[in-house]
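Heads up, the thing below is written out as structure tokens.
The values are calculated or read from the model by the stated rules, or taken from the named source; none is laboratory data. Only a predicted model underlies this, so the values are computations on that prediction, with no experimental measurement involved. In this analysis, Cβ positions are derived from the backbone assuming ideal geometry, glycine residues included, and neighbour counts consider all displayed protein chains. Note: accessible area is taken over every heavy atom of the protein model, side chains too, but ligands, DNA and RNA are not part of it. Shrake-Rupley method; radii C 1.70, N 1.55, O 1.52, S 1.80 Å.
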Amino acid sequence: VQLQASGGGLVQAGGSLRLSCAASGRISNTVAMAWYRRAPGKQRELVASIIVSGTTNYADSVKGRFTISRDIRKTAVYLEMNSLKPEDTAVYYCNVVRQSLPDVWGQGTQVTVSS
């Protein structure tokens, strides 16, 4: 099973993008879905996560600007990004956390925010 991320691109500061990530098939034992990002020269960081109950968690740097949502039936996760800043520039990766099984990672989608 693979995760396919899409929706990245080039946007001006203050703009918006919506990232999507969908699985090619069913992913068993899913307990959470998340978005991570890695900016040039920096370590990968957790941007947002959502557990099966719907509870969400956000990095302080994106609170109030980003919204994570999911469709469990499709094993899809989305990230609505508003008021984008140049420091949001990074490769964004989707992730599925599974109970007692290895995580599944998407291939990454580039987000570039120009000032």
Fill in: Difference of contour (0.36 nm per residue) and Cα-Cα distance, residue 60 to residue 29
8.3 nm
Worksheet, complete the sentence: Sorted largest first, the Cα spans of the chain on the principal axes come out in Å as 42, 24, 24
Item to complete: Starting at the first residue of the range 46-62, write each ³J(HN,Hα) from the Karplus equation 6.51 cos²θ - 1.76 cosθ + 1.60 with θ = phi - 60°, in whole Hz, x for Gly and Pro.
Response: 6, 8, 7, 9, 9, 8, 4, 6, x, 5, 10, 9, 10, 5, 4, 5, 10
Item to complete: Go ahead and set up a Gaussian network model of the chain, Cα springs under 10 Å, then flag whichever of 96, 31, 47 fluctuates most.
Response: 31
Worksheet, complete the sentence: Counting only protein heavy atoms and rolling a 1.4 Å probe, one gets per residue an accessible area for the chain in Å² of 54 Å²
Response to the item:
Mean-square fluctuation maximum in Gaussian network of the chain, Cα pairs under 10 Å, restricted to 61, 16, 69, hits 61
Worksheet item: Say the dipole of the chain comes from +1 at the beta carbon of Lys and Arg and -1 at that of Asp and Glu; which of 89, 7, 30 then lies farthest toward its positive end?
Response: 30
Discussion item. Taking the alpha-carbon distance from residue 74 and a cut-off under 19 Å, which aspartates and glutamates remain once sequence neighbours fewer than 8 residues away in the same chain are dropped?
Written reply: 103
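For the chain, which whole percent of the accessible surface, found with a 1.4 angstrom probe, sits on carbon and sulfur atoms?
Values: 2920 of 6180 Å².
Here carbon and sulfur together make up 47 percent of the probe-accessible area.
Let me check I've understood the local charge: for residue 1, count other residues with C-beta under 11 angstrom from its C-beta, Lys and Arg +1, Asp and Glu -1. What total comes out? Don't skip to the answer; put the middle values down first.
On the way: positive: 26, 98; negative: none.
Charge balance near residue 1 sits at +2.
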Worksheet entry | Simple label model, 7 Å out from Cα along Cβ direction - residue 82 to residue 101, nm | 3.5 nm
Worksheet, complete the sentence: The long-range amide H neighbours of residue 32, using H built 1.01 Å from N in the peptide plane and a cut-off of under 5 Å, are 97
